[in-house]
Amino acid sequence: MAPFFSIPSILTTVKFFLLFSFLVGMVSAHLSSTFYATSCPNSLSTIKSAVDSAVSSEPRMGASLLRLHFHDCFVNASHLNSLPLYFSSALSTNICLHGCDASVLLDEERQAPPNKNSIRGFEVIDTIKSQLEDLCPGVVSCADILAVAARDSVVALDGLGWTVELGRRDSATASGDAASSNLPSPFSSLSELINNFSNKDSSFTTSLQSNCPSTGGDSNLAPLDVTSSESFDNEYFNNLISKKGLLHSDQQLFNGGSTDSLVNTYSTNSESFLTDFANAMVKMGELSPLTGTSGQIRTNCNKAN
C-alpha cells in the first residue's frame, strides 16, 4: 500500500486515519470544493498534472506527498476532543488555533526532529506553486496545494479519491516544538508498550536484519508494505495479521487490542478501507484551517511573505 520509506513511517497516516471518527467539533466552516472555480479555474487540473507526473517518475513520491499533508495538519490542530486512549497519547488536547496551514513547509517545522531528513516532496510542491503563480498570482494557498496533492497522490496509486474542500490560507509562522511534541511516533502503542518483534515471521525478520543492521545503514530503505509497495490498497492490514508490520507502532494495530477488529475488517474488505480512508482524509483536511482574512497566501511556499 505504501512505497519504500524510512522511519518515521508514512503509514502513521494510515494508522491514525481510522481514528478520525472520534474527533468532535473540529470541522471548520468557510471551506468549499468550488473555492477556486472563478478565481483560478485551472488550479485543480494543474495540481493533478504535476502530481501524476511526479508519481509516474517515482511511485514513492505519492506517499511522500500524502505524508506532507498529514504532518502539516497534525502539528497545530486545536482542541482534540474525545480521543480514545491510544490516540490521545500521541497528541496533546489543547494545542494551537490552526491546523492545515502549510506550516510544515517553513524551515522551523521542516527541520524539526520528526521531519528532518524524513519528509520529502518539497520540490513537487514548489513546482506546483510556481505554475499556479503564473496562472493566477496570489490566489491558491500552499495549504490547499498540500491537501489536493495528497488526494491526487492516492488516486495516482490506484486509491479512491475524495472531494477536497478548499479555501485554506497559509500561516506566517511555524513551530518546531509543536512538530516535535505532537506528531505520532513510530514507537507508539495502543496501551502498554509491548515488544512483539519476537513474534514476527522469522524469515521476515532475517530479511529486515540484512537490510537494516544494528549499526549503520541509516539511509537504507525498506518497504512498509511487503506485498504491494507501489499500490494504495488494503494489503497493509493482511501484513499485520501475518505479523509483518515493519514498525512497532504498525504491529500494535493488531496485537490483541481494540483495533484488531478493524484490521480484520479492512484486510478482507478493500472497499470499506478505501471509503473510510477517503472520509477520514476529508476530516483531517478540515482540522481548524486558517480561512477568511486569517493568515496569508504565500508567494513562495517555503517562506512567509
*Given Asp144, Asp134, Asp170, which one is modelled with pLDDT of 95 or more and open to solvent by 40 Å² or more (accessible area, probe 1.4 Å)?*
Asp134
*Which one is nearest to Ser229 (Cα to Cα), of the residues in segment 37-57 that are outside any helix (DSSP H, G or I) and either in contact (Cβ under 8 Å) with a residue 24 or more places away in the chain or open to solvent by less than 20 Å² (accessible area, probe 1.4 Å) (or both)?*
Asn42
*When segment 219-257 is examined, which residues are found to be open to solvent by 30 Å² or more (accessible area, probe 1.4 Å) and among the aromatic types (Phe, Trp, Tyr)?*
Phe254
*Collect the residues in segment 258-299 that are outside any helix (DSSP H, G or I), open to solvent by less than 30 Å² (accessible area, probe 1.4 Å) and over 21 Å from Leu146 (Cβ atoms), keeping them in residue-number order.*
Thr259
*Flag if Asn94 is open to solvent by 60 Å² or more (accessible area, probe 1.4 Å), on the phi > 0 side of the Ramachandran plot and at pLDDT below 90*: no
*Filter segment 204-244 for residues that are closer than 16 Å to Asp158 by Cβ and either in contact with a His (Cβ under 8 Å, 6 or more places away or on another chain) or not in a helix (DSSP H, G or I) (or both) and give the result.*
Asp225, Thr227, Ser228, Ser229, Glu230, Ser231, Phe232, Asp233, Asn234
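The values are calculated or read from the model by the stated rules, or taken from the named source; none is laboratory data. This structure is a prediction, so every number in the text was calculated from the model and none was measured. Counting neighbours? That spans all protein chains shown, and the Cβs are built from the backbone with ideal geometry, glycine included. The area values use the complete protein model at the heavy-atom level, side chains included, leaving out ligands, DNA and RNA. Shrake-Rupley method; radii C 1.70, N 1.55, O 1.52, S 1.80 Å.
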